[in-house]
There are 4 protein chains.
Amino acid sequence: MAGNTFGKLFTVTSFGESHGAALGCIVDGCPPGLPLDAADLQADLDRRKPGQSRYTTQRREADQVKILSGVFEGKTTGTPIGLLIENTDQRSKDYSAIKDQFRPAHADYTYMQKYGVRDYRGGGRSSARETAMRVAAGAIAKKYLHRQLGIQVRGYLSQLGPIAVETVDWDEVSNNPFFCPDAGKVAAMEAFMKDLNKQGDSVGAKITVVASGMPPGLGEPVFDRLDADIAHALMSINAVKGVEIGAGFESVAQLGTQHRDEITPQGFLSNHAGGVLGGISTGQDLVANLALKPTSSLRIPGRSVDVRGQPVEVVTTGRHDPCVGIRATPIAEAMLALVLMDHVLRQRGQNAEVQHQVPVIPPEAGT
Amino acid sequence: MAGNTFGKLFTVTSFGESHGAALGCIVDGCPPGLPLDAADLQADLDRRKPGQSRYTTQRREADQVKILSGVFEGKTTGTPIGLLIENTDQRSKDYSAIKDQFRPAHADYTYMQKYGVRDYRGGGRSSARETAMRVAAGAIAKKYLHRQLGIQVRGYLSQLGPIAVETVDWDEVSNNPFFCPDAGKVAAMEAFMKDLNKQGDSVGAKITVVASGMPPGLGEPVFDRLDADIAHALMSINAVKGVEIGAGFESVAQLGTQHRDEITPQGFLSNHAGGVLGGISTGQDLVANLALKPTSSLRIPGRSVDVRGQPVEVVTTGRHDPCVGIRATPIAEAMLALVLMDHVLRQRGQNAEVQHQVPVIPPEAGT
Amino acid sequence: MAGNTFGKLFTVTSFGESHGAALGCIVDGCPPGLPLDAADLQADLDRRKPGQSRYTTQRREADQVKILSGVFEGKTTGTPIGLLIENTDQRSKDYSAIKDQFRPAHADYTYMQKYGVRDYRGGGRSSARETAMRVAAGAIAKKYLHRQLGIQVRGYLSQLGPIAVETVDWDEVSNNPFFCPDAGKVAAMEAFMKDLNKQGDSVGAKITVVASGMPPGLGEPVFDRLDADIAHALMSINAVKGVEIGAGFESVAQLGTQHRDEITPQGFLSNHAGGVLGGISTGQDLVANLALKPTSSLRIPGRSVDVRGQPVEVVTTGRHDPCVGIRATPIAEAMLALVLMDHVLRQRGQNAEVQHQVPVIPPEAGT
Amino acid sequence: MAGNTFGKLFTVTSFGESHGAALGCIVDGCPPGLPLDAADLQADLDRRKPGQSRYTTQRREADQVKILSGVFEGKTTGTPIGLLIENTDQRSKDYSAIKDQFRPAHADYTYMQKYGVRDYRGGGRSSARETAMRVAAGAIAKKYLHRQLGIQVRGYLSQLGPIAVETVDWDEVSNNPFFCPDAGKVAAMEAFMKDLNKQGDSVGAKITVVASGMPPGLGEPVFDRLDADIAHALMSINAVKGVEIGAGFESVAQLGTQHRDEITPQGFLSNHAGGVLGGISTGQDLVANLALKPTSSLRIPGRSVDVRGQPVEVVTTGRHDPCVGIRATPIAEAMLALVLMDHVLRQRGQNAEVQHQVPVIPPEAGT
């Protein structure tokens, strides 16, 4: 209940501060028999890792994950999987200046009010560094979903500040440091980021995550709907301020005849629902967007107060991403995979005996 | 895990189908000593009740709630509160025509794929009728929050189809059937709905919910952040497709210097965060938006398939709201109140002894 | 977390006080497709019902249960099952005398210290009347386990005060008001109870519950072992002070060579383990004993204090069982069934794909 | 749900196999501000550690615990506490002989049936080695309970095979390798164990755990009673087959007038209840007994089957405790402390505002 466990059947419980000895998590509920080694996790960790381009923080963490349990002779055993990443590049001195200050838009003040104490080094527990464990755990879920069920979880940057992508070419996503699926926008993004760095400012971003190859039937009405759990998962990522499923906020101005996804025996004719009806997956692609706010650590001074309530001017000089959204794509994928994995296990528990006499509707007519 | 319980310390577990014998819920974890009677719940139920204007379904339910336990001599005792609403206006015959059809944008197909069976009468468990119990339970939370902690939870319709409100006058919200806070928009909304009814179409809506008088410190990082739990709660409401906290999707195009809410000893200078930093409340107003899709039940025929996979044309002739968003305001308030109540209890559990030596920052400078 | 929900995947959440308007519960997670009607539940409720013999309380409750949801056209739908029993024989006046007294061995004092308030009528929430809903919910689990998996859950009184049964004849259990499986002990029990009634005293009892037809593999190491969950379930029944699995406390003085259940290809050679090894079912009969303390409500005066801390003499004149253990057999069966049902669903979730290449060991050699 | 998390508000999630790289756990929900360092945990780990006397396994593990997070400048911060013990003495070769055998009374067969795979080295996850993390986590709870609330959790060996202790001298417990509180029985225990070792057999034991300085009001009726949660906790320890609260199985033959703990203004006159009424603590000492079965690993051959169902003779040659009960005292203390800690936080959540107007009854009259 203290909030560091995610999921109900496939659970991830994590620990670790930005500048502590290590980060770790325990993945419980993984089905036995899944081939797994550290390299499976490392691939996604490397996609998230800082210091890979000039557009992300220059903090260099090896971010080398170790599997400490739950895998025997190369396969999962059904027992909990302990994961560990040791912190190697801590530079705690960078942060002592802000020990008594509440940086605007950071969690400094709220942690202090909640706990009466905080580990101020690099944001402590509130640092995005915590998301490394999400990515590691999510990689297990992604592997299981893909290998056992044919579900593929992928994501891309759909908007960087004012620059929205116009086409989605999945092959392009890994070709640039932005996870941008539109080759035509990469140069504009580079120019924008270069300018931003010069100003010392930061910017928001929008990420889109998609799960393809979905089976119908995942999601538990009424409170633990698949879309509700996805909203929870994505909103729990640092800096996220909004989540949409399918048409999202565009639904507000749509008419019922526009929004409803009509069906033919050949398949659904559209996907405004984003793959969920009544909180249960339809078998269409699951599509979710998330909005990330601009990085809060800026070189441009901002007004704030200190722990005594006195006015201070805050300037951040440490190493920070000018757009936290850029590295959020693998994190969002991980969280979506964790939700799906949890619901796969939940669906099996209660509905293992269901006889499916109703034909499956193809996700898209004509495909 | 089958999804019908909401919350962790202050829990609501509900049951009931649209056309079954009754709806009910159990509220567990309510602190003892709260003065409570059925009238406290009825007030919000009446705000949600159908049949109150020409813009909502003409189904007439008395929606009279009974308290069956947990209250003794007018006060809560700390034991579970059983609530019951008997269904009085069921008209099950209306629905037999769609027994074998999957209505587009409805949960018919997904329930069938999940459970292999469904109560097709009026949507069964997937009907928005289920939200009556959310409102009843939420009214308990609202009363506790307001009476014991001074937290006020309110909501309004911020957009109806293309018509967005421009001013927020809380006193106006109860003056019109739309929960519209902008008197200047009511006539346009009426005209729009009249036209929509004529066409047999439906439309989406946007609702805004706000909690004022918030204490700092509510919310459990890292997974059960206050904003993540709010996203879960609001996305679990029927027809909701998007949730924003504070600036929401506007954050995408904001610069860090625009978004960050600077602080002076006199208070926060803006509230783009929507009252949450690092998943923990700041003490500013909590502000969330939710997008509701258009009602799926339309008089205009739509293409679909039946349980055998054969093409059918679906027309809905029952009694339905042309805009489900209109009645969603009290539901959204209820869900927000349930989340806050849960986090109040969670915060007390772990952090009861915290000495608050840090001055509280006023929610707004100059107020 | 307020303690009124049992189970994790197959959950029962209950409400209701002894002298309130009604008792009820919500069973969530029941697989769809199970034929179910109220008569299935009533049979076990009638076994538990008071007023059936001179050895149990003369309070007469119809204890008629209604199914309010979750069943459609005679089968479960996978949605929550709402159950209700209205209280018809409340006689609240009987209890006003003890309003300000703390009866020894009752929960009066502890509820008052916990909640600062209590519904003193008939014990309120702490009354054994609450167990009616456990029996109703357990009947659903029992039916599913038996019908779908061939698991039979049964129980009997193994000791009444000083009188221990010597033989177990399952057919005899329903032939006498004690749930006694040994026809040769019934007369002695009758004589003992008659004498006890004359004295105004009460006595303890031991119940044994058994699940036959068990599959191997149920139970989740390390904390949610099957035996640990059974211990929790049985100890949560009013008046229970001890729980044993298999050899139980006899294990203390056993040698390893005595206790270990050796195995041959024809089956296990003994069952000191009581059907559980490492927290996981072996396929042998699950066997558990529970000890129930004597009824606390006595006609013989006892010393206590009142709400002001002043000494009082307490005499109970209401209607009470002289041995609460007698009616506990169906309650214990219900709790065991609920645990098994929960673990059936849990096992399916994580281990649905396990290929069982290891031969199943018969529960008993030679059977 | 896969069973590796204990508690609801104060949670322990653990991982690790007997012969894996490391054991670890995450303690979530610890209140901030508690002074804590590794030495606080090490003291209890050392009490549990093998290899300390000839009566326990000669496996030598340093069992050196590291705190990886959640503590900053010597105090807990409210964030999750990551704990790690690296396995240093693994000797995996010892166990390869039993790779394909199911040792009687061990979890070999049940793990295989559950998961289809098992880490056979030293019992893998089913090894008692897992309890090291319980002891480490429990030490945090013990410290908090003692320091903040004055609750002291202690235990002793109350019976070793046929030898029952007759007096309880708390000071004696740490003077002998048995945790025996009766100096007069130590020599007999030594002789018994020496003889047992010669034979190659093992024996059971009974442990008693006590919490003194209890506040009234802990425990959540009806399912999460304090005694029910204690039963769950203690039964979840390896080899435990029975749990009693207070008078336990003696209650069966007691009369109501014997069992009920009468009360005077000077205090309770006896403690058959073991400190719990209606599932809620009374303020008297919490007293629980647990029965542990004999060690299953014996040098005396036993009959069993292998993974192909063929008969085999099993002889264990590894390093094992001839009485697992001896080292169980610190484990049982840890589990009791974890339950109490959880209920302290739960009680605070819901009942923080309760005004205690009822005088507290002293735990014992005359003390």
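Each reported figure results from applying straightforward, stated rules to the coordinates on display, with no laboratory input. On a predicted model such as this, the values are computed, not experimentally measured, just so you know. Positions of Cβ are backbone-derived with ideal geometry, glycine not excepted, and every protein chain shown enters the neighbour counts.
Summary for A:N175: label point 7 Å along Cα→Cβ; distances to the equivalent points in the other copies, ascending, 5.8, 8.1, 8.5 nm. Using a Gaussian network for chain A with springs between C-alpha atoms less than 10 Å apart, which of these wobbles most: A:Y111, A:Y144, A:Y120? Maximum fluctuation in the GNM of chain A, among the listed residues, is at A:Y111.
What FRET efficiency, computed as 1/(1 + (r/R0)^6) with R0 = 41 Å and r the Cβ-Cβ distance, is obtained for A:A62 and A:A97, rounded to the nearest 0.05?
Working: r = 27 Å, r/R0 = 0.65.
Given R0 = 41 Å and the Cβ-Cβ separation, E is 0.95.
Reducing the range B:330-367 and the range A:172-232 to their Cα centroids gives an inter-centroid distance of 31 Å. For B:A231, neighbours were defined as the other residues whose beta-carbon sits under 11 Å from its Cβ, and their charges (Lys and Arg +1, Asp and Glu -1) total -4. Classify the range C:159-227 as rounded, prolate or oblate, taking a ≥ b ≥ c as the square roots of the eigenvalues of its Cα gyration tensor: rounded when a/c is under 1.5, otherwise prolate if a/b is larger than b/c and oblate if not. Since a/c reaches 1.5 but b/c is at least a/b, the shape of the range C:159-227 is classed as oblate.
Only helices enter this figure: runs of n ≥ 4 DSSP H residues, each worth -39500 (n - 2.57), summed and divided by the residues of chain C, yield -8000 deg cm²/dmol at 222 nm to the nearest 500.
Set the bar at 32 Å for Cα to Cα. Now go through D:K66/D:K194; B:K198/C:K75; A:K66/D:K241; B:K75/C:K8; C:K66/C:K194 and name every pair that lies beyond it. Write out the running numbers ahead of the final one.
Working: D:K66/D:K194 36 Å; B:K198/C:K75 41 Å; A:K66/D:K241 36 Å; B:K75/C:K8 30 Å; C:K66/C:K194 36 Å.
Pairs exceeding the cut-off: D:K66/D:K194; B:K198/C:K75; A:K66/D:K241; C:K66/C:K194.
Could you tell me the relative contact order of chain A? Use alpha-carbon pairs under 8 Å, at least six residues apart, and round to a whole percent.
Numbers: 767 pairs, mean separation 77.4, N = 367.
Rounded, it is 21 percent for chain A.
Distance to the D-onto-A rotation axis is smallest for one chain D Cβ; residue and value in angstrom are D:T13, 2.
Take the convex hull of the alpha carbons in the range A:5-351; its mean projected area over all directions comes to 19.0 nm².
Exposure proxy check: A:S270, C:S202, C:S236, D:S251 ranked by fewest other beta carbons within 10 Å? Spell out each step's value before the answer.
Working: A:S270 17, C:S202 32, C:S236 24, D:S251 28.
Fewest to most other Cβ atoms nearby, the residues stand as A:S270, C:S236, D:S251, C:S202.
Exposure proxy for C:E353, A:E172: other Cβ atoms within 10 Å of each Cβ, ordered fewest to most, give C:E353, A:E172.
Would you work out if the range D:195-306 is rounded, prolate or oblate? Take a ≥ b ≥ c from the square roots of the eigenvalues of the alpha-carbon gyration tensor; rounded if a/c is under 1.5, else prolate when a/b is larger than b/c, oblate otherwise.
Values: a/c = 2.87, a/b = 2.26, b/c = 1.27.
Cα axes put the range D:195-306 in the prolate bin.
Comment: the Cα-to-Cβ extended label point of B:T88, at 7 Å, lies 2.4, 7.2, 7.5 nm from its counterparts in the other copies, nearest first. Taking the centroid of alpha carbons for each part, the range D:279-312 and the range B:105-119 are 46 Å apart. So, counting K/R as plus one and D/E as minus one, what does the shell of residues with Cβ under 15 Å around A:P181 add up to? That works out to -3.
Extents of the protein assembly as shown, taken as max minus min of Cα coordinates on every principal axis and listed largest first, are 84, 66, 64 Å. In this structure, B:A43 and D:K198 have a Cβ-Cβ separation that, at R0 = 56 Å, corresponds to a calculated FRET efficiency of about 0.10. For D:K194, the label point sits 7 Å beyond Cα toward Cβ; its separations from the matching points on the remaining copies run 5.9, 8.6, 10.5 nm, from shortest to longest.
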